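Here is the structure we will look at, set down as structure tokens.
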Amino acid sequence: MNNRENNAQEQQRLGQLKNLVMLAAADGHLTDSELAVLLAVASRENITPDEFNKVIDDPDSVNINLPEDEDTKLAYLRDMVAMMMIDGELEEQELAICKIYALALGYRSSIVDGMIAGIIDSLDAEAAAAH
């Protein structure tokens, strides 16, 4: 992989973390649960502690580079929905942000509500199975 591809992937990973930070902070603060999800995503995406702190401290310093492959798009949308659900309440502002993100990923507006509902059902089923 060349440097340009590495840089694009790095920006994509950092952009995803930025999106999650913005969603988590939509209500004005980050809870411990939200921070735990952010740390888990950072670990999965091989984001260094310095990069993580930069995104948390100054999200505007990170450009968003959206993924092109379908698996990554779905994984990122799933992350957004999981973050939206972390406090057990589906707030309209968070749902609106999630829908905008799905549209930005290239999903048609006619299917976005159904996709998000399907992800919510999947996450609820996983949570129920874990208990």
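Where a number appears in this text, it was derived from the coordinates with a stated rule and is not lab data. None of these values were measured; they are calculated from a predicted model. When we count neighbours, we look across all protein chains shown, and the Cβ atoms used for this are built from the backbone with ideal geometry, even at glycine.
Couple of notes before you dig in:
- A straight line joining the Cα centroids of region 1-74 and region 91-131 runs 18 Å.
- Karplus 3J(HN,Hα) series, Hz, for region 90-105 with 6.51 cos²θ - 1.76 cosθ + 1.60 (x for Gly, Pro): 8, 7, 4, 4, 5, 4, 4, 4, 4, 5, 4, 5, 4, 5, 5, 6
- Seen against the Cα atoms of the chain and their longest principal axis, helix 109-130 is set at about 80 degrees.
- DSSP-loop GluC sites (Glu not before Pro) across region 29-131, with at most 16 other Cβ within 10 angstrom: Glu68, Glu89, Glu91
- Order by protection proxy (mean Cβ within 10 Å, highest first), peptides 7-14, 54-61: 7-14, 54-61
- Helical contribution to [θ] at 222 nm, DSSP H n ≥ 4, -39,500 (n - 2.57), averaged over the chain, rounded to 500: -24000 deg cm²/dmol
- Orientation-averaged projected area, Cα convex hull of region 9-89 (nm²): 5.0 nm²
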